[in-house]
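Step one of this worksheet: look at the structure below.
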């Protein structure tokens, strides 16, 4: 019922938002007589604020049409490498000229984007930094309300399955980078591949700001999951998709509820940000206003999560701590398997945390090192980014100037010819456990 009410509200607000947008432009355009009346700039600013508060935000574009490579501007083509019901694996294909042919051997990086509310485009800055020196792939998760019921359910086990399928598709030369929520299923996938002796194990794994062990430095997000029962989440945040969408009838955690939670965590900051946006418009500070629009176009664009996946994550990661306690079992290829990170022996691990992260507290990601207890010390690295919040570890100045150079160095350090890698895998199969 709540989802239907939300749809009715949107139907009412959409024409109001469109009207406010049109009127805002009339009061701002130098060709309109309305722009010359007293306080026209304030009226225009207020109307644009109304428009942006009431509009419907759609998935943004990555917008990475070109990148600089060795002082050359290189076109980038975004294409679908692999398509599954709930996710597309995208490749950002660099159209390298012959003069840069040697860059075609750059390391391949598979970026696992979060399935936690926002679209994969939230990692645009991550991809932009990686592209000049890497072949980049990213998981582009599909809004659950757009997936027909005929495609079945999607659970946490399915995320592990998708991760393994993507890594197998790209082969053993790929480096894996997971941001926030997917650190858990990606660590699970690499653990399972190690247990099974899978030859497609990635070259390295970088895990950023993820809830590996949420008992450490619990945040408000962790406390919410720990102070409410599993049944409370099932009763209060799960709804069925209305009839107007392809996924009609599917049980989901709606994007608009997630967005409400995002805003509530820092309500004062968002109110101040909108007030400053209004002031920028009144004062004619177009650069600040543009930055505000760009941020909130991304921040306000959310997707629905499959209910089974969301509830599995709540129970497995935030309530039962199944991974750090060694009690996580997943269903894969027709069998139930125990996830054993200690089986990871040949995939170097780099964990990254933000000093001021209010989503995944300090120590939660670093816990992966203790779980991967049989990984040689020389294959482990950790970085705590001073002054960085959750979003700052994968976007913005600190990501570009402090964190990315460390990631680049880590990937370069663990590059290895494919032939040598295959020989190492064969040796591992013959060595005693």
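The figures follow:
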| quantity | calculated |
| --- | --- |
| Gyration tensor (Cα) of the stretch 332-411, equivalent ellipsoid semi-axes in angstrom | 27, 15, 12 |
| Descending principal axes extents, the stretch 260-372, alpha-carbon based, whole Å | 61, 31, 23 |
| 20 Å-binned pair-distance histogram of the chain (Cα, whole percent) | 24, 55, 20, 2, 0 |
| Sites residue 5 and residue 32, calculated FRET efficiency, Cβ-Cβ separation with R0 35 Å, nearest 0.05 | 0.40 |
| Per-residue [θ]222 nm for the chain (sum of -39500 (n - 2.57) over DSSP H runs n ≥ 4, rounded to 500) | -12000 deg cm²/dmol |
| R0 of 45 Å, Cβ-Cβ distance residue 19-residue 338: FRET efficiency to nearest 0.05 | 0.20 |
| Potential lengthening between residue 61 and residue 380 on full extension [0.36 nm per residue; Cα-Cα distance subtracted] | 111.3 nm |
| Computed over the stretch 25-180, the ratio Rg/Rh where both radii use C-alpha atoms and Rh is Kirkwood | 1.14 |
| Potential extension, residue 320-residue 70 segment - 0.36 nm per residue separation minus Cα distance | 85.1 nm |
| The chain: angle of helix 156-170 to the longest principal axis, Cα-based, in degrees nearest 10 | 70 degrees |
| Degrees, to the nearest 10: 404-413 long Cα axis against longest axis of the chain | 20 degrees |
| Kirkwood Rh, angstrom, the stretch 1-49 [1 / mean 1/r, Cα pairs] | 11.9 Å |
| Distance between modelled label sites at residue 198 and residue 355, nm, 7 Å Cα→Cβ extension | 3.7 nm |
| Peptides 363-375, 107-119 ordered by average Cβ neighbours within 10 Å, highest first | 107-119, 363-375 |
| In Å, descending, principal axis extents of the Cα set of the stretch 337-381 | 31, 28, 12 |
| Cα-Cα P(r), the stretch 150-257, percent of pairs per 5 Å interval | 2, 10, 15, 17, 16, 15, 13, 9, 2, 0 |
| Fully extended contour minus Cα-Cα distance, from residue 82 to residue 271, at 0.36 nm per residue | 64.0 nm |
| Tilt relative to the chain, helix 255-265 - C-alpha long axis, 0 to 90 degrees, to 10 | 90 degrees |
| Calculated Rg and Dmax of the stretch 106-197 using C-alpha coordinates, Å | 13.7, 41 |
| Segments 377-389, 195-207, 266-278 sorted - mean Cβ within 10 Å per residue, highest first | 195-207, 377-389, 266-278 |
| FRET E, pair residue 224, residue 345, Förster distance 41 Å, beta-carbon r, rounded to 0.05 | 0.65 |
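Each reported figure results from applying straightforward, stated rules to the coordinates on display, with no laboratory input. Since we're looking at a predicted model, the values are computed, not measured. Neighbour counts run over all protein chains shown; Cβ positions are idealised from the backbone, glycine included.
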